Amino acid sequence: MGEKTAKWVFWAGTLSSLVLFLALTFDTNKQFAALTNADRLDEQVVAGKRAFERHNCNDCHTILGFGGYYAPDLTRAYRRVGEDAIKRRLEHPETALAASYRKMPQQHLSQQEVTDITAFLRWVGEIDNHDWPPQDSTARWKRSTDRLLASASMSPAAALIQQESCLSCHALGDRGESKGPRLEWIGARRGADYIAQYLADPEKVAPGAEMPAFDHLSQGQREMIGEFIVALAGLQGR
Amino acid sequence: MTYKSQSVAYPYFVVSLLLFALQIPMGLWLAASYSFTIPQSVVDVFPFATARAIHTNLLVLWLLLGFMGATFYLVPEETGTELAWPKMALAQLALLSATGVTAIVGFLFGWTQGRPLLEIPRPLDFLVVIGALMFLANIAVTMIRAKRWTAVQGSLLGGLVFLALMYLFGIPFYRNLAVDWYYWWWVVHLWVEGAFELIAAAMVAFMLIKLTGVDRKVVEKWLYVELGLFLFTGIAGTGHHYYWLGAPRYWLWVGGIFSALEPFPILLMVYDTWRDVRHRTQPLLPRLTWVYMIGMVIIHFIGAGMFGFAHTLPMINYYTHGSQVTVSHGHLSFYGAYVLLNLTFFYFAIPRIKNFPGGSYEEKTGHWGFWLTTLGVMGMSLAFAVAGVLQTYLERVQGEPYIVAQQPIRFWMFVVGVHGLVVLAGVLLVVKHLLTLRPPRAATA
């Protein structure tokens, strides 16, 4: 290879890649509005992003998979644990994570910051990013919903979940609300006893939790609900 | 050393080495935070996030100061003139070190831009820009006045201008998180897989010409090809970071294909080094400098080329993205590509700045330093890789919640920490050895 060819390789390689990259950048920027629901990106979301940066959250947590790897990814945090759990962790990490082997700093956020960050996470959760991360993939939850529907007729626990309107706060499959954590997530994380105890007196297990006590149910009923929720995690291979 | 102004490189090397030594204990603290429970009272005043910001910013700062020192050493010899403004080079060092140290102390008090790797607050960004402009002006004016252009110089200046330009994309506040990360990678990816590679290729070519005595024409010809391939794969290869941030689906194809080609230019660099060594007209001395040089090209290929390729394809990256797999690749590639590059250059340049006869020096401690650090970093990267594969399987495939999946990983982070202690010992030896380099005993006798 002569020097002339070598120089040609340099310019052809560099410029072709650059032109392709800039052209795709131009197109990507046009598509971002639709892919990220820019119409819902209001001032509160922006304020939340500023607070998120001010407190350096991203050097422990990943978001969209980028950042520190020391704490859970926040891309779908809103759908996974819901508004109440997010707020409790932001306001009182020292009590919310008292039993955890990994701690989150108490940064004394203002009420405004807590609301803003929650709005920010809610908006991030809706970004169309090809269904990443896999553990929060909606396809995965769908299988648990199918199971619930299949067993609802014969499972008394499923009937109890309907009767007590759990899904007016919690998500299950693609149904329910994001006020509390998603039931599949609880099932993967907690035992049936813990769930039964929590149902009896949430305040005792998780101080500051907004969930009401279900002490009108019998201990046996609470345990049944616990076993049912734990069983939901089985579909994820645990 | 042929030109007097080349000696401004030395203080750059000293500051750079001291910051390197500080980076390692911070890393040990991070590893400990993974394997042990740090009490709430400690986390409240010194969170993991702060330690991570310090660990990574020290790395960037010392690597850049090392590159700058190397540039100040290299440019007079390439152009055949003195530097345009050697005093300004020292002022620039003072400005950038002061800015860097202020930033790092600021992190301790929560003064941060709050974006990973780009935590330096915006007011300080402007001081960095001033420092970069001083640097580029000094180098460019020296080259223009000399009117002598070589491919090595071109690659170096091109890389430095590219580096400075990309930094600007990291300064603004972006309202949209996806857009934010899109341009964040213009700084981070286009630095390490673009600008840094240009600078590295120039520094390696320069050292190879000087150390092997191979004809400049041959080295420079292959430098063009290397650079062409680096930029061809590296620029569009940025797409491998755009898979899951809310960008269109075509990035899975573009990122996947271009970044799968990224190992080739590194392989060419390995081949070029090997060819130059075979056609050498001078003996391979000093031995330690060559240990570093060969170590660098090999670990550059393993860390950046192989460990990078391992998780760059979208169907694999869907599961590994944002896990310890990335951390494993990050540590080994930075070490192979840029840490060893700087250290090789220091071992090449310091004996010459100090006018040791034949550029040789007393090597013994240096060998210990090299092997401890290198084996330590390799062991650490393997432990990170095990942690990463576990995390990928438990969290991403099995769907276990993050904190449940982290439990078995804590042991592997302990293994990381143990290797970190070996790295610390190695780095302290390297830094001490380089700062107290002596001519060989036979020469002093």
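What follows is calculated from the coordinates using simple rules that are stated; it is not laboratory data. As the structure is a prediction and not an experimental result, all values here were calculated from the model. Heads up, the Cβs are rebuilt from the backbone with ideal geometry, glycines too, and the neighbour counts pull from every protein chain shown.
Listed by chain and number, the lysines whose C-alpha is less than 18 Å from the C-alpha of B:Lys354, apart from same-chain residues fewer than 8 away, are B:Lys4, B:Lys210, B:Lys432. Overall dimensions of chain B, expressed as equivalent-ellipsoid semi-axes from the Cα gyration tensor (√(5λ), whole Å, largest first), are 34, 24, 23.
Per the Debye calculation on region B:45-179 with a single equal scatterer at every Cα and no solvent contribution, log₁₀ I(q)/I(0) for q = 0.09, 0.11, 0.12, 0.17 Å⁻¹ amounts to -0.31, -0.45, -0.53, -0.92.
Quotient of the Cα radius of gyration of region A:29-95 and 2.2 N^0.38 Å, N being its number of residues: 1.22. Diffusion coefficient (Stokes-Einstein, Kirkwood radius over C-alpha pairs, 25 °C, 0.890 mPa s) for the protein assembly as shown: 92 µm²/s, rounded to a whole number.
Comparing B:Pro39, B:Pro11, B:Pro283 in a Gaussian network model of chain B (Cα springs below 10 Å), the most mobile by mean-square fluctuation is B:Pro39. Amide H contacts of A:Ile63 (H built 1.01 Å from N, in plane; Pro and chain starts excluded): A:Leu74 sit under 5 Å, all sequence-distant by 5 or more or on other chains. Helix content alone sets the calculated 222 nm mean residue ellipticity of chain B: runs of n ≥ 4 DSSP H residues at -39500 (n - 2.57) each, divided across all residues, give -24000 deg cm²/dmol. A straight line joining the Cα centroids of region A:168-189 and region B:36-112 runs 45 Å.
Normalising the Debye intensity of region B:313-445 to I(0), with uniform scatterers on Cα atoms only, and taking log10 at q = 0.14, 0.19, 0.20 Å⁻¹ returns -0.70, -1.00, -1.06.
What angle, in degrees between 0 and 90 and rounded to the nearest 10, separates the Cα long axis of helix B:250-260 from the longest principal axis of the Cα atoms of chain B? With rounding to tens, the tilt is 50 degrees. Centre-to-centre separation between the Cα atoms of region B:325-357 and those of region B:399-438: 18 Å. For peptide B:211-222, the mean count of partner chain Cβ atoms within 10 Å of a residue's Cβ comes to 1.
When chain A is treated as a Gaussian network with alpha carbon springs shorter than 10 Å, the biggest mean-square fluctuation among A:Arg88, A:Arg175, A:Arg189 belongs to A:Arg189. Counting only Cα atoms, region B:287-353 measures 49, 16, 12 Å along its principal axes, largest extent leading. By the compact-protein rule of thumb, 2.2 N^0.38 Å, the alpha-carbon radius of gyration of chain A corresponds to a ratio of 1.29.
Under 8 Å for C-alpha pairs, at least 6 residues apart: give me the relative contact order for chain B, rounded to a whole percent.
Relative contact order, chain B: 16 percent.
What is the helix-to-structure angle for B:196-212, meaning the angle in degrees between its Cα long axis and the longest Cα principal axis of chain B, kept from 0 to 90 and rounded to the nearest 10? Compared with the principal axis, the helix lies near 40 degrees.
If R0 equals 30 Å, the separation of the Cβ atoms of A:Ser16 and B:Val161 corresponds to a calculated FRET efficiency of about 0.90. Computed over chain A with a Gaussian network model linking Cα atoms closer than 10 Å, the most mobile of A:Ala33, A:Ala119, A:Ala196 is A:Ala33. Spatial offset of region A:1-75 relative to region A:104-119 amounts to 26 Å, using the alpha carbon center of each.
Candidate cross-link partners of B:Lys147 among the aspartates and glutamates, defined by an alpha-carbon separation under 20 Å and a same-chain spacing of 8 or more, comprise B:Glu77, B:Glu78, B:Glu82, B:Glu220. Each of A:Leu167, A:Leu74 was scored by other Cβ atoms within 10 Å of its Cβ. Listed from fewest to most, they are A:Leu167, A:Leu74. Full extension of the segment from B:Val141 to B:Met306, taken as 0.36 nm per residue of separation minus the current Cα-Cα distance, would add 55.5 nm. The overall shape of region A:98-238, judged from the alpha-carbon gyration tensor, is oblate: a/c is not under 1.5, and a/b is no greater than b/c. Cross-link reach is defined here as a Cα-Cα straight distance under 13 Å, omitting same-chain residues fewer than 8 places apart; for B:Lys221 the aspartates and glutamates meeting it are A:Glu3, B:Asp272, B:Asp276.
The ranking of A:Cys60, A:Cys166 by Cβ neighbour count inside 10 Å, starting from the fewest, reads A:Cys166, A:Cys60.
Remark: B:Trp371, B:Trp62, B:Trp186 ranked as B:Trp371, B:Trp186, B:Trp62, counting other beta-carbon atoms within 10 Å and listing the fewest first. On a 0 to 90° scale, report how tilted helix B:177-190 is relative to the longest principal axis of chain B, with both axes built from alpha carbons and the result rounded to the nearest 10. The answer is roughly 30 degrees.
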